[in-house]
Every structure is written in structure tokens, then in C-alpha cells.
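Trainee: This is the structure, below, for whatever I ask next.
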Amino acid sequence: MGNSPAERDRLRRQSAELAGHSAVLRDRAGLRPGQAAADLGCGPIGILSLLAGRVGPAGRVTGLEINPGSVALAREFAAEHGLANVKVVQRDARSTGLPSGSFDLVHAPTPLINIPEPAGVVAEMVRLARPGGWAVALEPAAACPGSSAWRA
């Protein structure tokens, strides 16, 4: 979708607008201190601070983003906000290269409408979730009947 200043601003607004919905899904999944979470397609902010606050200093958060400009901005955001338990990596959400069963919660905002071959993203989300973990996608109401969560 690009990395123009206007696009970065749009992604920041989207992150703020979806934060409440993401918090509900995160709470439903029961994310606790010390656990691990991933935010696929985190953009320049995603819900990195929301996840980092929930897992606490003993937990870890991995932000994944394919756009190098957004990766740099997300890393800057994490550093500026003292999110020591957050790591942002440049990866494709359809094939992250991360080990299976690595996360208690795998979150992806709007993957089904923004990413070609969304079934690959869903499969990767489920693969990354630990047994008993959650894969959570947040989609706009116009695209589908609401948010989705899958239990691994």
C-alpha cells in the first residue's frame, strides 16, 4: 500500500481506531503476563504497545511487517515508548519463517482484505499459534460479518 506520509498517517489512524476492538479480542484470548504475542502486518504501530503492556516485561511481542519503511517506524515507535519486550522484523505474513507454535496469541489486523492470498495468512497464523493459543483477525464490517478468532 506504499509508504508515503499520507499512508503512514492512515495506518496510525487505523491502529488507533482498531485498538478497542483489538483489546476485546486480546482479552477474549486471555493473553497473560509472561506470554508471547505476534502482530502480523503491524505497520508503523499496530497494537505493539497494547500487546507489550499485557504480556509485561517477562513476555515478548513480535511485530511482523513486509514494508521496510513501516518496519523502521515500528522499531522507532517501540524504542520511543520503552517497549523493551517488542521486536519488529521484516517478514511476509504468509510465510514468516518463524518456528511453529511460537505464540500464545497471533493477531492480524485486516489481513483478509489487504493481503493477496489471505488463506495463506490464516494458515500461517494458525501454524504460529501454540496448541491452545489463539489466531485473531480483525476485519472491517463491510468486508465480513466481524472479527474472527480461531483456537489452535
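Trainee: Can you confirm whether Gly146 is surrounded by fewer than 20 Cβ atoms within 10 Å (Cβ to Cβ), modelled with pLDDT of 80 or more and among the small types (Gly, Ala, Ser)? Spell out the reasoning first.
Mentor: Details: surrounded by fewer than 20 Cβ atoms within 10 Å (Cβ to Cβ): yes; modelled with pLDDT of 80 or more: no; among the small types (Gly, Ala, Ser): yes.
Criteria not met by Gly146.
Trainee: Condition first: at pLDDT below 95 and farther than 14 Å from Thr62 by Cα. Now tell me which residues in segment 82-108 satisfy that.
Mentor: Result: Arg94, Ser95.
Trainee: Also, I was wondering about something else. Looking at this structure, is Gly20 outside any helix (DSSP H, G or I) and either at pLDDT 95 or above or among the small types (Gly, Ala, Ser) (or both)?
Mentor: Spelling it out, it is not the case that Gly20 is outside any helix (DSSP H, G or I) and either at pLDDT 95 or above or among the small types (Gly, Ala, Ser) (or both).
Trainee: Looking for something touching an Asp or Glu at 6+ places or on another chain (Cβ under 9 Å), in contact (Cβ under 8 Å) with a residue 24 or more places away in the chain and within 19 Å of Ala123 (Cβ to Cβ) - is there at least one such residue anywhere in segment 66-82?
Mentor: The answer is yes; a qualifying residue exists.
Trainee: Residues Ala58, Ala79: which one is modelled with pLDDT of 95 or more, surrounded by fewer than 22 Cβ atoms within 10 Å (Cβ to Cβ) and in a helix (DSSP H, G or I)? Step through it out loud before you land on a result.
Mentor: On the way: Ala58 fails: in a helix (DSSP H, G or I).
The unique qualifying residue is Ala79.
Trainee: So, of the residues in segment 31-55 that are among the β-branched types (Val, Ile, Thr) and in contact with a strand residue (DSSP E or B) (Cβ under 8 Å, 6 or more places away or on another chain), which turns out to be modelled with the highest pLDDT?
Mentor: The residue in question is Val55.
Trainee: So, in segment 96-138, how many residues would count as being within 16 Å of Gly46 (Cα to Cα) and of a type in the set (Asp, Glu)?
Mentor: 0
The values are calculated or read from the model by the stated rules, or taken from the named source; none is laboratory data. All values reported here derive from a predicted model rather than from experimental measurement. Please note: Cβ atoms are built from the backbone with ideal geometry, for glycine as well, and neighbour counts cover all protein chains shown.
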